[in-house]
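Some notes on the structure that comes next.
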Amino acid sequence: MPAGEAFTPDQRRGIEKAIRVVQESTGYAFSVYVGAAEGDSRRVAEDLHNQLAEPAYSVLVMVDPAARALEIVTGSQVRRDLDDGEVALAALSMQAAFAAGDLSGGIISGVYQLGEHARRPTSLHTDHHP
């Protein structure tokens, strides 16, 4: 998570904890990038996402506070469990927190919200035993 100096140690730990919790609950990799996005923010976010170890199984949240840009990129496998509408809802809640001046809180709640929607449903086994 670049630009970590923008956060207090407690805020940074909160973001790292959110990432860890959602990764454990979903099996997908989550990354947060906070910093300047030179040029087209969507293209920058997609380029960053493509550099991740397993882009198909990854979610990237990119925030450029100075440009007031937020991009969320989901991999092809993640999109089976996390649709565009759910991503848009998380983005809206993050933007509301950012507008209220809570950058770290917006990131934390947004990551948790994305993780909640990306959680694979528990399958029920209907094994019949005589």
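The values are calculated or read from the model by the stated rules, or taken from the named source; none is laboratory data. It should be emphasised that the depicted structure is a prediction, and the values quoted were computed from it without experimental measurement. Virtual Cβ from ideal backbone geometry, glycine too; neighbours counted across all protein chains shown.
Scanning the range 34-63 for residues that are under 15 Å from Gly75 (Cβ atoms) and touching a residue at least 24 places away in the same chain (Cβ under 8 Å) returns Ala45, Glu46, Leu48, His49, Ala53, Glu54, Tyr57, Ser58, Val59, Leu60, Val61, Met62.
Conditions tested, residue by residue: (1) in contact with a Ser or Thr (Cβ under 9 Å, 6 or more places away or on another chain); (2) closer than 19 Å to Ala91 by Cα; (3) surrounded by 13 or more Cβ atoms within 10 Å (Cβ to Cβ); (4) aliphatic (A, V, I, L, M).
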site: Arg42; (1), (2), (3), (4): no, yes, yes, no
site: Glu46; (1), (2), (3), (4): no, yes, yes, no
site: Val59; (1), (2), (3), (4): yes, yes, yes, yes
site: Met62; (1), (2), (3), (4): yes, yes, yes, yes
site: Ala66; (1), (2), (3), (4): no, yes, no, yes
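Filter the range 27-69 for residues that are farther than 16 Å from Asp81 by Cβ and among the hydroxyl-bearing types (Ser, Thr, Tyr) and give the result. Across the range 27-69, the qualifying residues are Ser31, Tyr33, Ser41. When Val73 is tested against (1) out of contact with any Leu (no Cβ under 6 Å at 6 or more places or on another chain); (2) modelled with pLDDT of 95 or more, only condition (1) is not met. In the range 68-82, of all residues being out of contact with any strand residue (DSSP E or B) (no Cβ under 6 Å at 6 or more places or on another chain) and polar (S, T, N, Q), the one that is surrounded by the fewest Cβ atoms within 10 Å (Cβ to Cβ) corresponds to Ser76.
Going through the range 27-71 one residue at a time, which ones are in a loop (DSSP other than H, G, I, E, B) and over 22 Å from Ala118 (Cα atoms)? Steps first, please.
Within the range 27-71, the subset in a loop (DSSP other than H, G, I, E, B) is 27-28, 35-40, 51-54, 65-68.
Residues satisfying the conditions are Gly35, Ala36, Ala37, Glu38, Gly39, Asp40, Pro65, Ala66, Ala67, Arg68.
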